[in-house]
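The values are calculated or read from the model by the stated rules, or taken from the named source; none is laboratory data. Only a predicted model underlies this, so the values are computations on that prediction, with no experimental measurement involved. Cβ placement follows ideal geometry from the backbone for every residue including glycine, while neighbour counts extend to all protein chains displayed. Side chains included, ligands, DNA and RNA excluded: accessible areas come from the protein's heavy atoms. Shrake-Rupley method; radii C 1.70, N 1.55, O 1.52, S 1.80 Å.
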Amino acid sequence: MPTIDLDGVSLYYTDEGMGEPVVLIHGFPLSLEMWTPQRAALSADYRVIALDLRGSGRSDPPHHELSIGAYADDAVALMDALGIGQATVGGLSMGGYVLMALLRRHPERVSGVILMATKATADTASGKQGRDDMIALARSDGAAAIAEKMLPRMLTSRTRSEDPGLVDFVRSMMASTSVEGIVGALGAMRDRPDSTSTLEGVLVPSLVIGGGADEIAPPAETEAMQRAIPGAEFALIPDAAHLLNLEQPEATNRAILDFMGRTVQR
Ligand code: MLT
């Protein structure tokens with residue numbers, strides 16, 4: 001099982017395929033398993049690295065308070081360990097927040113940007129209160145309660161009624177996240193800054209992908225991100241809620257592969 005050790009915390013990752021590197025950063029409260037369809041499709045042409053953030057998937061729970069910036073530093077530490085100077089980086093939702101922190105903290109490491117089902121805006125006051133309520137729920141009732149609460153917004157009602165296999169896959173990924181990881185990620189998301197000015201300074205090829213039925217990162221937010229990034233491209237996946245890459249894997253893979261085919265030098 002490939003891992004790197006960062007300050008006594010073991011981080012799990014996958015490294016598949018050959019060619020120009022692409023690093024994938026998962027959302028909350030998920031793991032690199034959410035990238036299963038993208039890892040399979042992209043690794044035919046590219047070196048695909050995915051990591052489990054601290055406290056998620058098979059990585060160790062955090063020892064210290066988490067922040068979105070610290071997650072970004074972990075992604076760079078993994079790139080260092082693998083000898084990767086620059087990569088196209090893709091992040092979905094919380095993974096997008098991490099990618100935007102990467103663009104602030106280590107812009108020279110990012111050669112292309114793929115922001116999926118995410119938003120540049122910070123949490124509102126009621127959003128921050130919602131994070132604190134979720135932290136209390138995780139502490140009192142555990143990860144399974146968080147999974148049940150989030151599921152209706154992760155997948156469209158059609159997917160939830162017609163694709164029980166995908167529902168079980170997403171539910172069990174969420175329910176197996178550690179409580180420390182959930183609490184840490186919720187605090188990190190609550191305290192993240194607005195990233196609009198970060199996006200305005202992006203100088204590398206960028207793609208924003210939004211789900212037409214996403215309530216967490218609705219089209220108004222994803223379209224605003226595209227407008228903020230100079231020259232960014234936009235792909236709207238119509239029949240998808242938040243986990244657009246799992247609900248519509250072919251359309252998502254096509255958007256990513258078309259973008260990379262045009263922008264990545266091989
Ligand atoms: C995620 O999918 O990463 C989270 O739902 C994002 C958020 O809650 O802001």
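For the residues Val179, Val167, Val204, the requirement of being more than 30 Å from Ala138 (Cβ to Cβ) and either open to solvent by 10 Å² or more (accessible area, probe 1.4 Å) or among the charged types (D, E, K, R) (or both) singles out Val204. No other residue among Ile146, Ile182 is modelled with pLDDT of 95 or more, within 14 Å of the ligand (Cβ to nearest atom) and more than 17 Å from the chain's Cα centre (by Cα) apart from Ile146.
Against the numbered list (1) in a strand (DSSP E or B); (2) away from the ligand (no atom under 16 Å from the Cβ), Glu108 comes up short only at (1).
Apart from one condition, Asp239 fits all of (1) touching a helix residue (DSSP H, G or I) at 6+ places or on another chain (Cβ under 9 Å); (2) modelled with pLDDT of 95 or more; (3) outside any helix (DSSP H, G or I); the exception is (2). When restricted to residues that are closer than 28 Å to Leu11 by Cα and either over 19 Å from the mean Cα position of the chain (by Cα) or outside any helix (DSSP H, G or I) (or both), segment 156-173 contains 2.
Considering only segment 162-179, state which residues are among the hydroxyl-bearing types (Ser, Thr, Tyr) and within 15 Å of the ligand (Cβ to nearest atom). Working first, answer last.
Start the filter on segment 162-179 by keeping residues that are among the hydroxyl-bearing types (Ser, Thr, Tyr), which leaves 172, 176-178.
Within segment 162-179, Thr177 is the sole residue that qualifies.
Within segment 231-244, the set of residues being surrounded by 20 or more Cβ atoms within 10 Å (Cβ to Cβ) and more than 12 Å from the ligand (Cβ to nearest atom) comprises Ala235, Ile237, Ala240.
For segment 75-106, a residue qualifies if it is surrounded by fewer than 24 Cβ atoms within 10 Å (Cβ to Cβ) and in contact with a His (Cβ under 7 Å, 6 or more places away or on another chain), and exactly one does: Val76.
Regarding Ser176, is this residue within 28 Å of Met134 (Cβ to Cβ) and under 16 Å from the mean Cα position of the chain (by Cα)? If you could, list the steps in order and put the result at the bottom.
Numbers: within 28 Å of Met134 (Cβ to Cβ): yes; under 16 Å from the mean Cα position of the chain (by Cα): no.
When the stated conditions are applied, Ser176 does not pass them.
With respect to Ala138, determine if the residue is within 14 Å of the ligand (Cβ to nearest atom), of a type in the set (A, V, I, L, M, F, W, C), outside any helix (DSSP H, G or I) and farther than 16 Å from Ala241 by Cα. For Ala138, the condition - within 14 Å of the ligand (Cβ to nearest atom), of a type in the set (A, V, I, L, M, F, W, C), outside any helix (DSSP H, G or I) and farther than 16 Å from Ala241 by Cα - is not met. Looking only at residues in segment 186-218 that are within 16 Å of the ligand (Cβ to nearest atom) and part of a helix (DSSP H, G or I), which one is farthest from Leu53 (Cα to Cα)? Looking at the filtered set, the residue picked out is Thr196.
When segment 219-230 is filtered for residues that are open to solvent by less than 10 Å² (accessible area, probe 1.4 Å) and either of a type in the set (A, V, I, L, M, F, W, C) or away from the ligand (no atom under 16 Å from the Cβ) (or both), the ones remaining, listed by number, are Met225, Ile229. Residues that are closer than 24 Å to Ala147 by Cβ, within 17 Å of the chain's Cα centre (by Cα), among the hydroxyl-bearing types (Ser, Thr, Tyr) and crowded, with 24+ Cβ neighbours inside 10 Å: does segment 245-252 have at least one? For segment 245-252, residues closer than 24 Å to Ala147 by Cβ, within 17 Å of the chain's Cα centre (by Cα), among the hydroxyl-bearing types (Ser, Thr, Tyr) and crowded, with 24+ Cβ neighbours inside 10 Å: present. Restricting segment 78-102 to residues that are away from the ligand (no atom under 12 Å from the Cβ) and small (Gly, Ala, Ser) leaves a set whose member that is farthest from Glu20 (Cα to Cα) is Ala101. Give the residues of segment 3-42 that are more than 16 Å from the ligand (Cβ to nearest atom), closer than 14 Å to Leu246 by Cβ and of a type in the set (Gly, Ala, Ser), sorted by residue number. Matches in segment 3-42: Ala40, Ala41.
If you check Arg153 against the conditions, is it within 11 Å of the ligand (Cβ to nearest atom), open to solvent by 70 Å² or more (accessible area, probe 1.4 Å) and touching a residue at least 40 places away in the same chain (Cβ under 8 Å)? Yes; evaluated as a whole, the condition is true for this residue. When Lys119, Lys128 are checked against the criterion of being in a helix (DSSP H, G or I) and within 13 Å of the ligand (Cβ to nearest atom), a single residue qualifies: Lys128.
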